[in-house]
Amino acid sequence: MSLPIVTPIYLNSSNVVSLFRSTVETLSLDFNLNRNTIVFKTTLPLSELTCGRITQGTGTVEYTREYINATIDAICQSATTAFLKLYNILEDNSLMKHLNNASDFNSLRVGDIIEIQCPLFKDPEVKNLFSMANSLELQMLINSDDKSIENKSSVNVANFLAYLKTTLDKLENNYCVDYFSKLLFSKYRIVTALSKDNFESSLTCIEDKPLTIVGKVSYIEPYLKETMVDTFLDPIEKFIKTNNITFPYAENFDFEEDTPYYIGIVPLSIHL
């Protein structure tokens with residue numbers, strides 16, 4: 001089944017092009033440059049060709065149409081084109097798994113290329129930090145003449161808020177942030193690290209939307225693997241606990257249920 005014409009809202013260009021090239025090479029597919037010409041010739045009365053202006057004689061009409069098959073390099077100049085061709089190759093050769101039911105998940109292996117339709121949500125720990133920052137701003141409105149947080153902490157709220165905002169901006173713009181699915185079939189949770197550089201639209205546009213994700217399975221584990229983001233989050237969480245900082249206006253975005261298995265996906269493309 002061919003993929004309908006789509007415009008990805010997220011496209012991992014380097015991985016798409018690399019996988020397309022390796023797949024073509026592995027399957028020994030031929031993408032050589034060929035020029036195929038189709039010529040149509042017909043002989044008609046001149047009266048038909050000239051709308052009656054010339055009444056005698058005949059004339060020949062020739063219609064030529066040429067088709068050119070692009071080279072691999074030409075295809076790879078557009079990551080979107082490379083992805084669409086890669087998708088069709090994977091489908092035609094039964095190399096892609098569609099995750100539609102529990103049985104599909106149970107047979108999943110590291111290295112599989114998959115397609116799944118599900119909403120995604122930003123890392124709860126990152127969302128919690130954003131919520132804490134919002135809470136601090138509200139707390140400052142109430143305690144505008146007090147540099148500490150409700151007199152319960154020696155932490156300077158303005159300085160801590162500035163640090164949080166700087167850290168969150170750094171995470172959003174310079175690092176891949178994990179996005180998660182809901183718990184699937186009471187057992188699995190998809191996790192995929194997304195970079196702002198690969199988005200064609202705002203990251204906020206994808207949350208809780210019906211997305212189609214195509215990617216490669218990197219791990220299936222009962223625990224979540226650490227990322228560079230954790231090197232920022234862990235010290236902040238420790239600092240908050242050590243100084244007994246409270247956030248009365250913050251929301252909690254932690255998962256409501258335990259996750260038996262995390263399925264890490266290296267994303268190739270995401271589209272609505």
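The values are calculated or read from the model by the stated rules, or taken from the named source; none is laboratory data. Since this is a predicted model, take the numbers as computed values, not measurements. In this analysis, Cβ positions are derived from the backbone assuming ideal geometry, glycine residues included, and neighbour counts consider all displayed protein chains. These accessible areas exclude ligands, DNA and RNA; they are computed on the full protein's heavy atoms, side chains included. Shrake-Rupley method; radii C 1.70, N 1.55, O 1.52, S 1.80 Å.
Calculated FRET efficiency, Lys182 and Thr81, Cβ-Cβ r, R0 45 Å, to nearest 0.05?
That pair, Lys182 with Thr81, gives E of 0.85.
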Listed residues Asp197, Asp169 arranged by accessible area, highest first, probe 1.4 Å: Asp197, Asp169
Obtain the nm distance between the two label points defined at Cys205 and Ser154 by a simple spin-label model: each point lies 7 Å from its Cα along the Cα-to-C-beta direction. 4.8 nm
Could you check the spin-label model distance between Asp92 and Phe255? Points 7 Å from the Cα along Cα→Cβ, value in nm. 3.9 nm
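Go through Cys176, Cys118 and list them by solvent-accessible area, largest first, probe radius 1.4 Å.
Greatest to least solvent exposure: Cys176, Cys118.
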Which is farthest toward the positive dipole end of segment 117-272 among Ala162, Pro124, Pro248, measuring Cα position about the Cα centre, with Cβ charges +1 (Lys, Arg) and -1 (Asp, Glu)? Pro124
Subtracting the Cα-Cα distance from 0.36 nm times the residue separation, let me have the gained length for Ser22 to Thr246 in nm, one decimal. 75.4 nm
Among the listed pairs Lys85/Lys196; Lys127/Lys216; Lys216/Lys238; Lys196/Lys225; Lys170/Lys216; Lys97/Lys170, which are separated by more than 29 Å between their Cα atoms? Lys216/Lys238; Lys97/Lys170
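Applying 1/(1 + (r/R0)^6) with R0 = 22 Å to the Cβ-Cβ distance of Leu141 and Glu172, what FRET efficiency is obtained, to the nearest 0.05?
Details: r = 25 Å, r/R0 = 1.12.
Using R0 = 22 Å, I get an efficiency of 0.35.
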